[in-house]
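Structure, as structure tokens:
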Amino acid sequence: MPRMSYVNGRYLHHAQAMVHMEDRGYQFSDGIYEVIAFYNRRLLDGALHAKRLWRSLRELQIAGPMSERALALVMQEVIARNDRTDGTLYMQISRGVARRDHPFPKSARPSVVMAVTGPKSPKEKEVREGVSVITAPEQRWARRDIKSVSLLPNVLAKQAATAAGAREAWLVDENGMISEGAVSNNAIVGAKQEIITHPANENIQGGITRDVVLTLARKAGMKVVERPFSLKEALGAKEAFLTSTTSNVLPVVRIDGKPVGNGRPGPVTQKLLGLYHEHIYRETGKRWS
Ligand code: PLP
């Protein structure tokens, strides 16, 4: 079965899936996106992703391209037209195609594209032994809560991590405070086993995985503290981990080459990963061994 994508009402072979050069997503980063995992062809936390997507559209005053129900049906149809049981759905909605001019065009219709890729889960060894992160300067705009396609600072930070052989870059502001990762949220575990993570405000992208993991943790009676933490605090923490749609819950055992805690994944992170796997199973029927 060939790889099929969706572009503005049409299901196309991926190689033919194109938008116009004057699409405002391409010229101005004037658009938003979502990345949603699916297992057994069922979207994981689809309703939460849809809620964030519609909020991002509203924040940027981009008109909804179709009804919420229709958009959900298109997502399912793209998955159905690809030969993958488990994978990742990428969706992008821009303000549309119009002659290049900064103010919003009067008549453009939003462009919608969707593509499916394989699952991007971390390697077994990364989950078992944990991963390294580096730090990089926070250089993003002040509305990081909007899932905008304007990702250049994230790209540069993630590239720095890749070049350094690290899994992720944690973004540190001029006061030494960590906001989140280039492509993930993060958390540390304090002396009393409490999970400390940046509040979901305009300084971070409120990850769906973050939200779900915190809900699961609270339900399991674990203590969660939503407040910013510094690099210094992270280096002295008992454990650290990151969360994202593609990484699930991933232990972080080194920051800039220095060990976190005893340099191995800790019990709080492992418990959260177990709870998250159970959540995936409940939602989609996918079992993790
Ligand atoms: N923060 C940033 C900057 C991201 O790019 C992502 C995911 O791509 C996340 C956090 C995690 O969000 P989610 O859990 O919804 O995948």
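Evaluated at 25 °C with a viscosity of 0.890 mPa s, what Stokes-Einstein diffusion coefficient in µm²/s does the chain have when Rh comes from the Kirkwood expression over alpha-carbon pairs? Present the calculation step by step, with values, prior to reporting the outcome.
Details: Rh = 19.8 Å.
Estimated diffusion coefficient is 124 µm²/s.
Near Val78, once Lys and Arg are set to +1 and Asp and Glu to -1 for all other residues with Cβ below 14 Å from its Cβ, the sum equals +3.
Determine the sum of side-chain charges near Tyr281: Lys and Arg each +1, Asp and Glu each -1, restricted to other residues whose C-beta is under 12 angstrom from that of Tyr281. Don't skip to the answer; put the middle values down first.
Numbers: positive: Arg42, Arg282, Lys286, Arg287; negative: Glu278, Glu283.
Summing Lys and Arg as +1 and Asp and Glu as -1 gives +2.
When you filter the chymotrypsin sites (Phe, Trp or Tyr not before Pro) in segment 84-179 for DSSP loop state and at most 13 other Cβ atoms inside 10 Å of their Cβ, you are left with Trp141. For segment 76-187, a/c is not less than 1.5, where a ≥ b ≥ c are the root eigenvalues of the C-alpha gyration tensor, and a/b does not top b/c. That puts it in the oblate class. Reported to the nearest whole Å, the Cα centre-to-centre distance from segment 2-44 to segment 228-269 is 33.
Listing Met75, Met1, Met66, Met177 from the residue with the fewest other Cβ atoms within 10 Å to the one with the most, what is the order?
Numbers: Met75 22, Met1 7, Met66 15, Met177 18.
Lowest to highest Cβ neighbour count: Met1, Met66, Met177, Met75.
Treat the count of other C-beta atoms within 10 Å as a stand-in for reagent exposure and order Arg52, Arg227 from fewest to most.
Numbers: Arg52 20, Arg227 8.
In order of increasing Cβ crowding within 10 Å: Arg227, Arg52.
In deg cm²/dmol and to the nearest 500, what is the mean residue ellipticity at 222 nm of the chain if only DSSP H runs of at least 4 residues count, each as -39500 (n - 2.57), divided by the residue total?
Details: 8 runs with 85 residues, N = 289.
Dividing the helical sum by the residues of the chain leaves -9000 deg cm²/dmol.
Counting neighbouring beta carbons within 10 Å and listing from fewest to most, the residues Asp256, Asp101 come out as Asp101, Asp256. With a cut-off of 13 Å between beta carbons, the residues surrounding Met114 carry a summed charge of +1, where Lys and Arg count +1 and Asp and Glu -1. For the chain, complete DSSP H runs whose alpha carbons reach 24 Å or more along their own long axis and whose mean Kyte-Doolittle score is -1.0 or higher are 267-284. Relative protection proxy for 147-159, 3-15, from highest mean packing down: 147-159, 3-15 (other beta-carbon atoms within 10 angstrom). Cross-link partners of Lys223 among lysines, defined as those whose alpha carbon lies under 18 angstrom from its own and excluding same-chain residues fewer than eight positions apart: Lys192, Lys238, Lys271. Listed by chain and number, the lysines whose alpha-carbon sits under 18 Å from that of Lys120, ignoring those within fewer than 8 places in the same chain, are Lys158, Lys286.
Quick note: the coordinates plus some simple rules give every number you see, no bench work behind them. Not measured: the values here are computed from a predicted model. Cβ: placed from backbone, ideal geometry, glycine included. Neighbour counts: every protein chain shown.
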